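Take a look at the structure set out below.
Only the coordinates and a few stated rules stand behind these numbers; no lab work does. Small disclaimer: the values here were computed from a predicted structure and weren't measured. So basically every Cβ, Gly included, is an ideal-geometry build from the backbone, and we count neighbours across all protein chains shown.
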Amino acid sequence: MIKIKKFKKGDERKLSYLSRKCIVLINSKDITKKETAILYNHFTPGRFIQDAKRFKIYVAEYNNKIAGTATFDEGWIRAVFVNPIFHEKGIGKELMMHLEKIAKKFGFRSVNLKSSPFAKNFYNKIGYKKIKDIKGEVGHMILMKKKL
Ligand SMILES: CC(C)(COP(=O)(O)OP(=O)(O)OC[C@H]1O[C@@H](n2cnc3c(N)ncnc32)[C@H](O)[C@@H]1OP(=O)(O)O)[C@@H](O)C(=O)NCCC(=O)NCCS
């Protein structure tokens, strides 16, 4: 059973762990070692605490275990990660649907994100369209948009 909750203090270690697990096991295949290190070093437990002060961070639970996260920041969806042991169970889609609902509630008519190469077809499947390729300090990303 999937439940989406708001981030609360105490979640940060598990969110850091599952994000870093995705970065090391999955995203690292498409980027350099340096880019992987930048991403890995970004997603500390402290980063989630800091970001929770400015953005809306959501946590997905699967059978009462923390399994994924996504952040909403003024029309942007960021830091979407699902623990690889829970992939392909509908958790990512449920998180995205939740954030899109929040975006709508706050009056946004579209949402943007920067997709990893790995996640591009996932986002395509749930209605996101590619705007352009971008090259940042964490490698190749795909700017995508969905009209709500
Ligand atoms: C991308 C990610 C969030 C998807 O999470 P998930 O919980 O496995 O996705 P879901 O189970 O909700 O998948 C929904 C649908 O997309 C499909 N899908 C999931 N990941 C996919 C992928 N990488 N490529 C193509 N299709 C994918 C599923 O098969 C499912 O299809 P269905 O509706 O026909 O059954 C997860 O793979 C992840 O954390 N990846 C690593 C981190 C990452 O790259 N995050 C994005 C940063 S921008």
Pair residue 88, residue 37: separation of 7 Å Cα→Cβ label points (nm): 3.4 nm
Hydrodynamic radius by Kirkwood, which averages 1/r over all alpha carbon pairs of segment 2-109, in angstrom: 14.1 Å
Once the Cα gyration tensor of segment 81-148 is diagonalised, semi-axes √(5λ) in Å: 19, 18, 10
Among 67-73, 1-7, 44-50, the order from most to least packed when residues are scored by Cβ within 10 Å on average: 67-73, 44-50, 1-7
Segment 135-148 - phi-based ³J(HN,Hα) in whole Hz, Karplus 6.51/-1.76/1.60, Gly and Pro as x: 10, x, 6, 10, x, 6, 10, 10, 6, 10, 9, 10, 7, 8
Vicinal HN-Hα couplings computed from phi for segment 57-66 (Karplus, 6.51 cos²θ - 1.76 cosθ + 1.60; Hz; Gly/Pro x): 9, 10, 10, 9, 10, 10, 6, 6, 10, 5
For residue 76, distant residues with modelled amide H under 5 Å away: 112
